[in-house]
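Structure record follows, encoded as structure tokens.
The values are calculated or read from the model by the stated rules, or taken from the named source; none is laboratory data. Just so you know, these numbers come straight off a predicted model, no measurement behind them. Every residue, glycine among them, receives a Cβ derived from its backbone with ideal geometry; neighbour counts consider all protein chains shown. SASA here: full protein model, heavy atoms, side chains in, ligands and nucleic acids out. Shrake-Rupley method; radii C 1.70, N 1.55, O 1.52, S 1.80 Å.
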Amino acid sequence: PTSGYRFVNWTGNVGTIANVNAAATNITMNGDYSITANFIRQYNLTTSSTAGGTVGTPGEGVFTYDTGTVVSLVATPTSGYRFVNWTGNVGTIADVCDATTTITMNGDYAITANFVAIYDLTTNTTEGGSVIQPGEGVFTYDEGTVVDLVATPDGGYRFVEWTGDVGTIANVYDATTTITMNGDYAITANFIKQYDLTTSSTEGGSVTTPGEGIFPYD
């Protein structure tokens, strides 16, 4: 074979060929014979991965296949990561967003399995309110995701602040804010009970501080 090809077999009048599948063989001349040496084009598949996982099938490196071969691809994330997509020469990949897919070898291809770190956000509250966005519990996000936070107080309470892993919260004193997921975070929405002070006066004077009416206090 020339470079980039491999020998396949001998065809034609092959009845006396010792091994039709061997490129180097012999034929016994008991008649007039017409035979053909058949070759097939081969292509290289180069696979690699970003941090956070590996290409389990066919592996990582350079692999050679006959033209038209449908090759299985399996990308496996390590703990704390998820598969994102395949990039590179992906024109013949069945589904670039599926970790388990196939590629059809119609040329020399170089592809990469991409992974992203994932982190858990754990939200809870003190008495007197709830986290309505994203909710209360454990939520998983890709690294760098900006997550909306919304805390709502119950009647007779007010929101105070977010506490816990608050380093990437935009404003810890705002009930409606965001947090950027660069790690595993646990945060708490804090509320405080409020009471009303109702002030009034009889004829002949007034309450100047805090005034007359209804005033809520923690």
**Report entry** Near pairs, Cβ below 8 angstrom, 6+ apart or cross-chain, from region 88-106 (more than 15 Å from ASP66 (Cβ to Cβ) and touching a residue at least 24 places away in the same chain (Cβ under 8 Å)) to any residue that is among the aromatic types (Phe, Trp, Tyr) and crowded, with 16+ Cβ neighbours inside 10 Å
**Finding:** GLY88/TYR109; ALA99/PHE83; THR101/TRP86
Query raised in the report: What are the pairs, 6+ residues apart or on separate chains, where a residue within region 203-217 that is charged (D, E, K, R) has its Cβ under 6 Å from a residue that is modelled with pLDDT of 95 or more?
Result: GLU212/THR199; GLU212/SER200
Requested in this report: Kindly list the number of the only condition in (1) more than 33 Å from the chain's Cα centre (by Cα); (2) closer than 29 Å to ASN85 by Cα that fails for VAL146.
Outcome: (1)
Query - Members of region 95-105 that are surrounded by 14 or more Cβ atoms within 10 Å (Cβ to Cβ) and either touching a Ser or Thr at 6+ places or on another chain (Cβ under 6 Å) or outside any loop (DSSP other than H, G, I, E, B) (or both) - result: THR100, THR101, THR102, ILE103, THR104, MET105
Report summary line: Residues of region 137-167 being assigned to a loop (DSSP other than H, G, I, E, B) and either in contact with a Cys (Cβ under 9 Å, 6 or more places away or on another chain) or exposed (fewer than 15 other Cβ atoms within 10 Å of the Cβ) (or both), in sequence order, are GLY144, ASP154, GLY155, GLY156, GLY167
Query raised in the report: Is it true that some residue in region 162-169 is touching a residue at least 12 places away in the same chain (Cβ under 8 Å) and at positive phi?
Result: yes
Query - strands (runs of 3 or more DSSP E) fully within region 28-77 counting 3 or more residues that are in contact (Cβ under 8 Å) with a residue 60 or more places away in the chain and either open to solvent by less than 50 Å² (accessible area, probe 1.4 Å) or closer than 12 Å to ALA113 by Cβ (or both) - result: 35-49
Report task. Specify the residue that is farthest from the chain's Cα centre (by Cα); the eligible residues are those in region 79-93 that are surrounded by 13 or more Cβ atoms within 10 Å (Cβ to Cβ) and in a loop (DSSP other than H, G, I, E, B). Result -> THR92
Query raised in the report: Counting only residues that are closer than 30 Å to GLY137 by Cβ and in contact with a Leu (Cβ under 9 Å, 6 or more places away or on another chain), which one in region 179-218 is most open to solvent (accessible area, probe 1.4 Å)?
Result: ASP184
Report summary line: Checking VAL146, VAL138, VAL150 in turn, the sole residue that is more than 18 Å from ASP174 (Cα to Cα) and at pLDDT 95 or above turns out to be VAL138
Query raised in the report: Somewhere in region 106-123, is a residue in a loop (DSSP other than H, G, I, E, B) and open to solvent by less than 60 Å² (accessible area, probe 1.4 Å)?
Result: yes
